[in-house]
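Structure first, commentary second.
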Amino acid sequence: MNRSERGSAAVEAALILPVVILIMIGIFEYGVYFLRMNIYEQAVFAGARAGAIEEVNKNSVAQSEVLRVLGDLGIAAADAPVINVQSDLAGPVAGTTLITVWIDTAYVPIIGYSSVILPARIRAISSTLNY
């Protein structure tokens, strides 16, 4: 490799490297977003199920189960989003209870420019019917 070829390799690397780094950061940011969304979906599902099984205090049981699952999955109670629980004692079938748990929170990307590509909010909702 002569001297001019070494210089051209450095120029090519200088042109390609920023694009490759940008793609890698985008992949990482998407991964973090979908991980957070999956954690919230698992938590609201567990909360809705726990609330539907419980005979009394359905809302508080559902909310505490969501907080427990979030804690198990690495989100501290202080960092947990607002958890909304609604129980309808008059479900669609007589003698049933419909409990709905949802989280609607802002997503703050790790890299600031990612907010252009990713949604600004994460929404997770689950409903369970108790027979």
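Gaussian network model of the chain, Cα springs within a sub-10 Å range: biggest mean-square fluctuation belongs to which of 26, 95, 71?
95
Taking the dipole about the Cα centre of the chain, with the C-beta of Lys and Arg at +1 and of Asp and Glu at -1, give me whichever of 47, 122, 111 is farthest to the positive side.
Working it through, the farthest residue towards the positive pole turns out to be 111.
Residue 27 to residue 121: extension gain in nm, 0.36 nm per residue of separation minus the Cα-Cα distance?
Numbers: separation 94, 0.36 × 94 = 33.84 nm, distance 1.85 nm.
Extra length from residue 27 to residue 121 when fully extended: 32.0 nm.
With +1 on each Lys and Arg Cβ and -1 on each Asp and Glu Cβ, and nothing else charged, work out how big the dipole of the chain is about its Cα centre, in Debye to the nearest 20.
280
Which of these, 120, 77, 14, has the largest mean-square fluctuation under a Gaussian network model of the chain (Cα springs below 10 Å)?
Per the Cα network of the chain with a 10 Å cutoff, 14 tops the list.
Take every Cα pair under 8 Å in region 3-130 that's 6+ residues apart, average their separations, divide by the length, and report that relative contact order as a whole percent.
For region 3-130, the relative contact order is 25 percent.
In Å³ and rounded to a whole number, note down the convex hull volume per residue for the Cα atoms of the chain.
Expressed per residue, the convex hull around the Cα atoms of the chain is 136 Å³.
Against the longest principal axis of the chain, how steep is helix 3-53, in degrees 0 to 90 to the nearest 10, with axes from Cα atoms?
0
For helix 58-72, what angle does its Cα long axis make with the longest principal axis of the chain, in degrees from 0 to 90 and rounded to 10?
For 58-72 against the chain, the angle is about 30 degrees.
Coordinate-derived values only; no laboratory data. Quick caveat: nothing in here was measured; it's all calculated off a predicted structure. Cβ: placed from backbone, ideal geometry, glycine included. Neighbour counts: every protein chain shown.
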